[in-house]
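Data block below; observations after.
What follows draws every value from the coordinates through simple rules; no lab data is involved. Model, not experiment: these values are computed from the prediction. Here Cβ is always computed from backbone atoms with ideal geometry, including for glycine, and neighbour counts include all displayed protein chains.
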Amino acid sequence: MNAIATETKLDSAALDELAGSFRGQLVGPDDPEYTEQRKVWNGSIARSPALIARCTGVADVVAAVRFARETGLQVAVRSGGHSFPGLSVCEGGLVIDLGPMRGIRVDPQARTARVQAGVLWGELDRETQAFGLATTGGIVTHTGVAGLTLGGGIGWLQRKHGLTIDNLLSADVVTAAGDFVTASETENPDLFWGLRGGGGNFGIVTEFEFRLHPVGPIVLAGPIFWPMEQAPAVLRFYREWCAEAPEELMTIVIHRKAPPLAFVPTELHGKPVVAVACCYAGPVEDGEAVVAPLKTFGSPVLDLCEPKPYVEHQSMFDPSFPHGWWYYMRACDVSALSDPVIDIAVDHATQIRSPLTAFPIWQLGGAVAREPEAGTAFNGRGAGHTFNITSTTTTAEGFDAEREWVRSFWSALEPHHKSVYVNFLMEEGEDRIREAYGSEKYDRLKALKRKYDPDNFFRLNQNIPPD
Ligand SMILES: Cc1cc2nc3c(=O)[nH]c(=O)nc-3n(C[C@H](O)[C@H](O)[C@H](O)COP(=O)(O)OP(=O)(O)OC[C@H]3O[C@@H](n4cnc5c(N)ncnc54)[C@H](O)[C@@H]3O)c2cc1C
């Protein structure tokens, strides 16, 4: 095998051979679709791969992996394209794009779903909700199932039904050697452990099998808003209230300037607000009783927490995170919303400049914490809340200032950092990746990497080098 090179060298004989057997589309720089196909969700990332292999099935994935090995091209793997740091596109290498692989099959009797790697969360929710079922998944419809699952997967159903990986039954994988294997509790269990949190380090997953649960289709869900001035009191009340809440309830706190959306009264547009968004994964009447104290706390200016289809709730954040805007993000988990953590959050919330910046604070606990920590590569089940400090601008204008705001906010929280979710890392270096997994798991993941990818063929990811 050739050494893995970062520079572009397209071997024309190897390319002809690939083109001869490839069922999907091969998109090179001269192709009219190239400009569109090289884009990823984060508009601040612009890279120019030598080739994009748009795979239609396992055979295409195997062919693309073998082609990259033969030619020495660096490989990026893309499913939904939502990597915050843009790790699913490379400069001058090969993008193995699973985007065209969009098959979903729900088995309503067994309550399982088989899902190909290019499927997005909105697509999966639509198919599973046709049977009143769902699994824990991303809170923005156009996020990829694949990347999100492989990092762990947090979402509205997690406190009742666990992380996405806690609902993963098996995965089909093309390894760095171009072999096809299945991983589950009984087949290649070491790989199955590593896939559940270890990201794209061990191979390309072509298909997932998930466990599903009855959900909705109508759930009590949505945000309640207060003026930002009330944030210190709202957060202190919220802290006590959500600590006692049943596992059916999942909440996310958001600070931002109120967006000019149709359901937001015009007098609120652009005004700084704090919101607690809820989703109750149980009977609506039970949810109403649980959420009642929050709804009557202080003086909310808008209450959108009402019975609605689960799929509608799942698309609530879509307008805030469209493709192509410029995003920067840093993240950390904290044990609890202590007074100092609340003070830091409110202080930085009042400094938000961009009308688009919104930072979510996710509630963990419940079923997430109940699963044994050692059972999967995912780390940090014991954390109380996850800060996802995201800044947003439409273009480069104002981006640097917002990014500075993110960094200073994250640094201010540093004394309170407990862990970090690997899917919320930027390109932060090996020490941070080790920190994300903890030393013990990191060493175990390294050993697994030596077994499944000893050459570090898959290294454009939150990389766990084999040595
Ligand atoms: C708008 C938005 C909303 C989000 N919401 C949530 C959320 O609700 N919950 C949550 O947990 N996370 C969330 N995230 C983070 C998300 O989990 C990661 O960004 C994840 O990587 C997205 O997966 P993707 O398939 O879209 O990404 P891609 O950019 O396609 O892939 C990211 C990385 O995953 C690996 N990868 C992708 N596909 C495969 C595959 N088939 N086989 C092997 N490796 C693969 C590769 O290393 C790749 O670099 C969100 C991100 C964004 C941008």
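Please give the peptides 69-75, 195-201 ranked by average Cβ packing (other Cβ atoms within 10 Å per residue), highest first, as a rough proxy for protection.
195-201, 69-75
Name the GluC sites (Glu not before Pro) in the range 374-467 that are in a loop by DSSP and that have at most 15 other C-beta atoms within 10 Å, would you?
Passing sites in the range 374-467 are Glu397, Glu427, Glu428.
Multiply the residue separation of Ala262 and Ser299 by 0.36 nm, subtract the distance between their alpha-carbon atoms, and state the gained length in nm to one decimal.
Gain on extension, Ala262 to Ser299, equals 11.2 nm.
Please give, to one decimal in nm, the separation of the simple spin-label points placed at Glu33 and Ser21, each 7 Å out from Cα toward the Cβ.
2.2 nm
Can you compute the label reach from Arg407? Point 7 Å from Cα along the Cβ direction, backbone N cut-off under 20 Å, restricted to the range 39-82.
43-46
In what sequence do Met250, Met316 fall when counting other Cβ within 10 Å, fewest first?
Met316, Met250
Suppose R0 equals 25 Å. What FRET efficiency, 1/(1 + (r/R0)^6) with r the Cβ-Cβ distance, do Ala130 and Leu169 give to the nearest 0.05?
E between Ala130 and Leu169, to the nearest 0.05, is 0.80.
Pop the C-beta distance of Glu312 and Glu397 into the FRET formula with R0 = 30 Å and round what comes out to the nearest 0.05.
The formula returns an efficiency of 0.35 here.
Work through the residues other than Leu364 whose Cβ is under 9 Å from its Cβ and net out their charges, Lys, Arg +1 and Asp, Glu -1.
+1
State log₁₀ I(q)/I(0) for the range 318-467 at q = 0.17, 0.18 Å⁻¹ as given by the Debye formula over alpha-carbon point scatterers of equal weight, solvent excluded.
Treating every Cα as an identical point scatterer, log10 I(q)/I(0) equals -1.04, -1.11.
Provide the three semi-axes, in whole Å and in decreasing order, of the ellipsoid equivalent to the range 310-372 as defined by the square roots of 5 times the Cα gyration tensor eigenvalues.
With the √(5λ) rule applied to the range 310-372, the semi-axes are 24, 21, 11 Å.
Would you compute, for the Cα atoms of the range 59-125, the largest minus smallest coordinate along each principal axis and list the three values in descending order, in whole Å?
Here the Cα extents, ordered largest to smallest, are 46, 28, 15 Å.
So what's the convex hull volume per residue for the Cα atoms of the chain, in Å³?
In the chain, the Cα convex hull volume per residue is 136 Å³.
For the pair Glu185 and Ile104, what calculated FRET efficiency results from E = 1/(1 + (r/R0)^6), where r is the Cβ-Cβ distance and R0 = 25 Å, to the nearest 0.05?
0.65
Under a plain spin-label model, where a point goes 7 Å from the Cα along Cα-to-Cβ, how far apart in nm are Arg353 and Ala374?
My value for the distance between the label points is 5.0 nm.
How much length would be gained if the chain were fully extended between Ala13 and Ile218, taking 0.36 nm per residue of separation minus their Cα-Cα distance, in nm to one decimal?
Separation in residues times 0.36 nm, less the Cα-Cα distance, equals 68.2 nm.
Amide H neighbours of Leu249 under 5 Å, at least 5 residues apart or on other chains, H built in the peptide plane: list them.
Correct list: Ala281.
How big is the convex hull of the Cα atoms of the range 270-357, per residue, in Å³?
Per residue, the Cα convex hull of the range 270-357 comes to 157 Å³.
Mind ranking 60-68, 149-157, 167-175, 411-419 by how tightly packed they are, going by the mean number of other C-beta atoms within 10 angstrom, highest first?
149-157, 60-68, 167-175, 411-419
So what's the range 57-184 giving for Cα Rg divided by 2.2 N^0.38 Å, two decimals?
After normalising by residue count via 2.2 N^0.38 Å, the value is 1.10.
If you find the alpha carbon centre of the range 247-277 and of the range 169-203, how far apart are they in angstrom?
39 Å
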